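Below you'll find the structure, written out as structure tokens, and then a few comments.
The values are calculated or read from the model by the stated rules, or taken from the named source; none is laboratory data. Computed from a prediction, not measured in an experiment: that's the story for all the values here. With ideal geometry, Cβ positions are generated from the backbone for all residues, glycine too; neighbour counts draw on all protein chains shown. Keep in mind that these areas ignore ligands, DNA and RNA; they rest on the heavy atoms of the full protein, side chains included. Shrake-Rupley method; radii C 1.70, N 1.55, O 1.52, S 1.80 Å.
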Amino acid sequence: MDLSGLAGGQRVFVAGASNEPTGLLEALRAAALPEGLHFVQFPVAGFNQTDFTAWHPTYQMTTPFMAPHLRNADLKRLHFLPMGMRALHDYLERGIDVALIQVARDRRGRLRLGPNADFAAAALASAQFVLAECNAAFTAPAGCPPVDETRLDVVLDTHRPLFEMPAPRIDETAAAIGQQVAALIRDGDCVQTGIGAIPAAILASLKDKNDLGLHGGLLDDGGMALIRQGTVTGANKPIDRGRHVTGMALGSSALIDWLADAPEVVFKGANHTHEASVIGQLPGFVSINSAVEVDLMGQVNAEMVGGRQISGTGGSVDFMRAAKFSAGGRSIIAMTATARGGAASRIVPRVEVVTALRTDVDIVVTEYGAARLKDLPLAARAEALIAIAAPEFRDELRQAATS
């Protein structure tokens, strides 16, 4: 590889999630790289495992998401950036010198991004030197953005199977939450969800709905199932009608194989998937996200536990606030009522850190019910939230609410 475009002090964007160029990273780590590089990546837990501060004592890394593999990084050189995904797209359009991406060929042999388009266009807009891993182990999704081959300075050909996200185990509690949320979804709504057991349970509970739309940051096997069975059609969307918009695909090899022949699934950057002016044109947009804890005012902590940063803002606040611009839109927080095997309540007197404001959340759902916070004054909010807390914590919460 000709790495003459690399120089000390450069800021290097590394695509994350399912589009991380892992083969390219392995080759770069074995090469003689300049000192003082500064890597920028939005990693996804379980997919991305690279701590760039471990590559060299002069390397730095900036991340808006503290995935588990970064917990032992040198905190003097690892910089956590509290920033939502929409703002991150604009941030990456400025000051990126080098972009590392993954590409693949589609059915017709055209080069496209791999199954993640959230920040690639932003990084490519500012990068002066672009390195790509062209992975022949999968066929590029038909709805992924095409890549101009002349824009690539270095191409490394690989044949590396993509990481598959294991199917989440939906237990009795997750199933109950899924049913509670599904009862809040109307035919024709446009839904956004995350990953994990609760989002999987929610999607599985939507099979009897009609003409749903999908618009969000990710698509998994649950979303694929709803599209294939005709529950999700996108027929009611004034924009992107009949299309299912996502930033990335996370799931099984069957999902990636299906996407190769599913041009109706369109991959867009975070400046479209998380943009309020876009989402505001989608009536009935329902943002469904999770949380570490919610307090009695309705404030949400989705990123810290015991003083430790465990994730980041992500796209949840973008979607919650964008839902306010949608006619009939609403934002839902869905979570288990307890944590640590039932030892701690997720409904708390005050959250540790505020990820989402009390004005951002419309409904909070646990396995014990749904608290409709929108338009409720503070005292009524506390009562509604206590009613969906685990019974063994309700007296304690009532005392905190009146003290």
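Of note:
- Criterion violated by ARG381 - all others in (1) in a helix (DSSP H, G or I); (2) over 12 Å from VAL348 (Cα atoms); (3) open to solvent by 50 Å² or more (accessible area, probe 1.4 Å) satisfied: (3)
- Test result for THR173, open to solvent by less than 40 Å² (accessible area, probe 1.4 Å) and modelled with pLDDT of 95 or more: no
- Hey, ILE333 open to solvent by less than 10 Å² (accessible area, probe 1.4 Å) and of a type outside the set (Lys, Arg) or not: yes
- The range 340-363 - residue that is part of a loop (DSSP other than H, G, I, E, B) and hydroxyl-bearing (Ser, Thr, Tyr) and, of those, surrounded by the fewest Cβ atoms within 10 Å (Cβ to Cβ): THR359
- Residues of the range 286-315 satisfying the condition of being among the small types (Gly, Ala, Ser) and under 25 Å from ASP187 (Cβ atoms): SER287, SER290
- Scope the range 11-31; condition open to solvent by 30 Å² or more (accessible area, probe 1.4 Å), part of a loop (DSSP other than H, G, I, E, B) and touching a residue at least 12 places away in the same chain (Cβ under 8 Å); matching residues: ALA31
- Output for the range 270-290, where each listed residue is buried (at least 23 other Cβ atoms within 10 Å of the Cβ) and either under 18 Å from the mean Cα position of the chain (by Cα) or small (Gly, Ala, Ser) (or both): ALA270, THR273, HIS274, ILE279, PHE285, VAL286, SER287, ILE288, ASN289
- The range 46-68 - residue that is within 17 Å of the chain's Cα centre (by Cα) and surrounded by fewer than 16 Cβ atoms within 10 Å (Cβ to Cβ) and, of those, nearest to PHE80 (Cα to Cα): PRO68
- Against the test of being farther than 14 Å from SER287 by Cα, in a helix (DSSP H, G or I) and open to solvent by less than 20 Å² (accessible area, probe 1.4 Å), the options LEU206, LEU226 yield a single qualifying residue, LEU226.
- Candidates VAL364, VAL317, VAL353: the one that is in contact (Cβ under 8 Å) with a residue 40 or more places away in the chain and over 30 Å from ASN236 (Cβ atoms) is VAL353.
- Residue count for the range 122-141 satisfying the condition of being over 14 Å from SER18 (Cα atoms) and open to solvent by 10 Å² or more (accessible area, probe 1.4 Å): 6.
- The one condition in (1) within 29 Å of ALA260 (Cα to Cα); (2) open to solvent by 40 Å² or more (accessible area, probe 1.4 Å); (3) not basic (Lys, Arg) that PRO82 fails to fulfil: (1)
- Listed conditions (1) within 17 Å of ASP97 (Cα to Cα); (2) in contact with a Lys or Arg (Cβ under 7 Å, 6 or more places away or on another chain); (3) open to solvent by less than 50 Å² (accessible area, probe 1.4 Å); (4) not basic (Lys, Arg) are all met by PRO34, apart from (2).
- Flag if ALA370 is assigned to a strand (DSSP E or B) and either of a type in the set (A, V, I, L, M) or open to solvent by less than 40 Å² (accessible area, probe 1.4 Å) (or both): yes
- Scan the range 183-203 for residues that are part of a loop (DSSP other than H, G, I, E, B), in contact with a helix residue (DSSP H, G or I) (Cβ under 9 Å, 6 or more places away or on another chain) and either charged (D, E, K, R) or modelled with pLDDT of 95 or more (or both) and the total you get is 2.
- Leading residue by the ranking (least open to solvent (accessible area, probe 1.4 Å)) among those in the range 297-312 that are of a type outside the set (S, T, N, Q) and closer than 12 Å to ARG346 by Cβ: VAL300
- Odd one out for VAL155 among (1) touching a strand residue (DSSP E or B) at 6+ places or on another chain (Cβ under 6 Å); (2) open to solvent by less than 30 Å² (accessible area, probe 1.4 Å): (2)
- The single condition from (1) closer than 24 Å to LEU259 by Cα; (2) in contact with a helix residue (DSSP H, G or I) (Cβ under 9 Å, 6 or more places away or on another chain) that ARG110 fails is (2).
- Residues that are of a type outside the set (A, V, I, L, M, F, W, C) and within 22 Å of ASP187 (Cα to Cα), drawn from the range 322-343: LYS324, SER326, GLY328, GLY329, ARG330, SER331
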